[in-house]
1. Pick out the one residue from 23, 91, 97 that is under 22 Å from residue 174 (Cα atoms), more than 14 Å from the chain's Cα centre (by Cα) and surrounded by 21 or more Cβ atoms within 10 Å (Cβ to Cβ).
2. Give the residues of the range 139-161 that are of a type in the set (A, V, I, L, M, F, W, C) and either under 17 Å from residue 23 (Cβ atoms) or outside the structural domain of residue 36 (by TED's automatic domain parsing) (or both), sorted by residue number.
3. Consider residue 54 carefully, then state whether it is in contact with a Cys (Cβ under 8 Å, 6 or more places away or on another chain) and surrounded by fewer than 14 Cβ atoms within 10 Å (Cβ to Cβ).
4. Do we find a residue being β-branched (Val, Ile, Thr), in contact (Cβ under 8 Å) with a residue 60 or more places away in the chain and in a strand (DSSP E or B) anywhere in the range 110-118?
5. Select from the range 134-151 the residues that are over 20 Å from residue 30 (Cβ atoms) and touching a residue at least 24 places away in the same chain (Cβ under 8 Å) and list them in ascending order.
6. Take the residues of the range 140-159 that are among the small types (Gly, Ala, Ser), in contact with a strand residue (DSSP E or B) (Cβ under 7 Å, 6 or more places away or on another chain) and more than 13 Å from residue 118 (Cα to Cα): which is surrounded by the fewest Cβ atoms within 10 Å (Cβ to Cβ)?
7. Among the residues of the range 31-85, write down those that are among the β-branched types (Val, Ile, Thr) and closer than 30 Å to residue 124 by Cα.
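The values are calculated or read from the model by the stated rules, or taken from the named source; none is laboratory data. From a predicted model like this one, the values you see are computed outputs, not experimental measurements. A quick note on method: Cβ atoms are made from the backbone with ideal geometry, for glycine too, and the neighbour counts reach across all protein chains shown.
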Amino acid sequence: MNRRLPEERPKEPPTGYKIAHPVLSQDGTRAGFIGVSLGAALPYGVLDEASCVYGLRHRAPHRRCDCGFHCVHARQDAEALLTTADHRKAVLLEVTVLGAYIRFERGFRYGRQRVRTMTAGPCGCGAAGAVLADAGWGRPGWRVLESACPGCAGARRGVAPAAFERLAGQGLKVRILPVAMTPAYGVPELVAEAALLQARLDWFQTQLARIQGGRGG
């Protein structure tokens, strides 16, 4: 006998986290996102409903399919995905899970969502990002964007974070993280660093004297 899983009735819709690439429509009038794995070919909006990526007519999420939106429970799990080579230029999304969902150990699969916030990292050169610039690739009718400083953005087409918020609509908030600050050094750390540099300098001077002495002989 098949037993149905207990239905959850949360007082508020669950919150989840995922990574994606921001996109801008070819005519520059709409903004949205594409995923990084299953369903990456289908852009979605801030408030959107998933459909089966295999073209089946059932509603997502279906128990016998893997269609639907996906997210994880913990923010740090989503942030960890941004460290891989393929996802370094993706953004972090905080989403509200709407409607029916299937809960897993680490996340949800669900049919509707609202993207509340988008957090992008600094420019690839390490400077603070100022615009969302054309990343040089995309999907039919959509340009993928990436965080860029003014110098690296150059003449590439792009939008300011506030403009992306306006085009995406539905109350989306966009953040671009500042450049990571290097840790401050105290006197003991500076003394140790100076001693290490002096030791390296002494070694190089010894090697140079040995080479010059060999040439003189």
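1. Only one candidate qualifies: 97.
2. Those that are of a type in the set (A, V, I, L, M, F, W, C) and either under 17 Å from residue 23 (Cβ atoms) or outside the structural domain of residue 36 (by TED's automatic domain parsing) (or both): 142, 144, 145, 148, 153, 159, 160.
3. Yes.
4. Yes, the range 110-118 has at least one match.
5. 148, 149, 151
6. Here the answer is 141.
7. 34, 36, 46, 72, 83, 84
Table: residues versus (1) touching a helix residue (DSSP H, G or I) at 6+ places or on another chain (Cβ under 9 Å); (2) not β-branched (Val, Ile, Thr).
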residue: 109; (1), (2): no, yes
residue: 128; (1), (2): no, yes
residue: 139; (1), (2): no, yes
residue: 150; (1), (2): no, yes
residue: 172; (1), (2): yes, yes
residue: 176; (1), (2): yes, no
